[in-house]
Amino acid sequence: EAQVTQNPRYLITVTGKKLTVTCSQNMNHEYMSWYRQDPGLGLRQIYYSMNVEVTDKGDVPEGYKVSRKEKRNFPLILESPSPNQTSLYFCASSPFSDGFYQPQHFGDGTRLSIL
Amino acid sequence: EDKVVQSPLSLVVHEGDTVTLNCSYEVTNFRSLLWYKQEKKAPTFLFMLTSSGIEKKSGRLSSILDKKELSSILNITATQTGDSAIYLCAVEAWAGAQKLVFGQGTRLTINP
């Protein structure tokens with residue numbers, strides 16, 4: 001089944017304790033992206049990647065890191081989490097077809113609480 | 001700054017009613033406008049619009065883009081309780097790479 005898989009789905013942790021949220025897709029998509037969703041603000045893009053070893057900042061990259069060593073994986077790293085990073089996070093991927101990026105497939109989300 | 005604004009932010013109607021959700025945008029290098037439905041989990045894709053004036057339709061849902069007015073509407077006819085969800089509008093802009101800018105979403109509640 002074609003899917004984007006995020007882990008963990010839920011995490012409660014404390015300020016300053018490094019954490020990684022994994023994202024994996026099995027559709028051989030070139031493009032992958034991370035978003036955070038906060039009430040009243042919609043989804044905001046954190047980082048995106050057009051292909052392996054190519055990453056770039058979205059609208060809200062502060063406090064986050066990413067890497068794209070393999071096409072299928074795009075982990076989100078919070079080196080020193082703070083309470084303002086408490087949010088619902090989504091990973092998404094899309095193929096590149098006919099010169100255009102196609103609609104994104106989303107993972108089921110990771111709810112992070114930073115105390 | 002790229003911006004997408006949806007209205008209303010919240011809407012409560014009765015089953016069987018018809019609803020119209022709005023999305024307006026200001027982005028550089030517009031490529032497409034997308035509508036997603038979000039229930040409890042991940043947003044799921046509904047429509048992608050690239051050309052002005054051409055209606056996309058799927059069952060009771062339809063959507064149209066107006067590039068002159070920089071806006072789009074999503075119509076749902078004969079609403080059902082299963083249509084209750086957050087509807088997200090996103091605009092794809094091109095800045096050397098695909099950038100997707102989302103609106104705040106419209107929370108639609110359908111009462112039986």
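Here are the numbers for the structure shown:
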| item | result |
| --- | --- |
| Centroid-to-centroid separation of the range A:13-61 and the range B:58-112 [C-alpha atoms, Å] | 22 |
| Estimated dipole of chain A in Debye, rounded to 20 [Cβ of Lys and Arg +1, of Asp and Glu -1, Cα centre] | 380 |
| Within the protein assembly as shown: Cβ-based charge dipole about Cα centre, in debye rounded to nearest 20 (Lys, Arg +1; Asp, Glu -1) | 500 |
| Relative counts (whole %) of C-alpha pair distances in the range A:15-115, using bins that are 5 Å wide | 3, 13, 25, 26, 18, 10, 4, 1, 0, 0 |
| Calculated from backbone phi, Karplus (6.51, -1.76, 1.60) coupling profile of the range A:36-42 in Hz, x at Gly/Pro | 10, 10, 10, x, x, 10, x |
| Charge dipole of the protein assembly as shown about the Cα centre (unit charges at C-beta), most positive-ward option of A:Ser113, A:Ala92, B:Ala95 | A:Ser113 |
| Fraction of alpha-carbon pairs over 25 Å apart in chain B - percent | 17 |
| For the range B:40-92, the spread of Cα positions along each principal axis, largest first, Å | 34, 24, 15 |
| Size of electric dipole in the range B:1-63: Cβ of Lys, Arg +1 and of Asp, Glu -1, about Cα centre, debye, nearest 20 | 280 |
| Viscosity 0.890 mPa s, temperature 25 °C, Stokes-Einstein D of the protein assembly as shown from Kirkwood C-alpha radius, µm²/s | 136 |
| Proxy reagent accessibility, fewest Cβ within 10 Å first, across B:Trp35, B:Trp94, A:Trp34 | B:Trp94, B:Trp35, A:Trp34 |
| Sorted by Cβ density within 10 Å, fewest first, the residues A:Arg36, B:Arg31 | B:Arg31, A:Arg36 |
| Ranked list, fewest to most other Cβ atoms within 10 Å of each Cβ, for A:Thr22, B:Thr106, B:Thr81 | B:Thr81, A:Thr22, B:Thr106 |
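All of the numbers you see were taken from the coordinates with simple rules; none came from a lab. What you see is a predicted model, and the numbers here were worked out from it, not measured in a lab. Cβ coordinates were reconstructed from backbone atoms using ideal geometry, including for glycine residues, and neighbour counts include every protein chain displayed.
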